[in-house]
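In what follows, a structure is listed as structure tokens, so that the remarks can point back to it.
The values are calculated or read from the model by the stated rules, or taken from the named source; none is laboratory data. The structure presented is a predicted model; accordingly, all values stated were derived computationally and were not measured. All Cβ positions, glycine included, derive from the backbone under ideal geometry; neighbour counts span all protein chains shown. Protein only, heavy atoms only, side chains kept; ligands, DNA and RNA dropped before computing areas. Shrake-Rupley method; radii C 1.70, N 1.55, O 1.52, S 1.80 Å.
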Amino acid sequence: MEKLHHIALPVKNIDEAVTWYRKNFDVETVYTDDSWALLAFENVALALVLPDQHPAHIAVERDNANNLGDLTRHRDGSSSIYVDDPWGNTIEYLEAAP
């Protein structure tokens, strides 16, 4: 069984969104900057992203994500590729940082 790493929701303002989610849910802030934030729920993470930088998506951890194409390396050491399912939903296949 594969692991759902995070769900990404586009927001217009990262700081305001982090404040709202922390006020309304019992979550921990894993990472935040001007372009995105990662909040940890007990069972999954929530990424808050700017709409012009990332699509709304779900991210699934997969050791062999590179079989789907060229991966983009991220600042945390992970790598991923975005793929659309047949209905136009975006899936991010993510190889975790070593």
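Worth pointing out:
- Number of the condition not met by Asp85 [criteria: (1) touching a Lys or Arg at 6+ places or on another chain (Cβ under 7 Å); (2) over 14 Å from Ala8 (Cα atoms)]: (1)
- Flag if Tyr21 is in contact (Cβ under 8 Å) with a residue 24 or more places away in the chain and open to solvent by 60 Å² or more (accessible area, probe 1.4 Å): no
- Among the residues of segment 80-98, the one identified as open to solvent by 70 Å² or more (accessible area, probe 1.4 Å) and of a type in the set (Asp, Glu) is Asp84.
- Within segment 50-79, considering residues that are within 23 Å of Val11 (Cβ to Cβ) and in contact with a His (Cβ under 7 Å, 6 or more places away or on another chain), the one most open to solvent (accessible area, probe 1.4 Å): Val60
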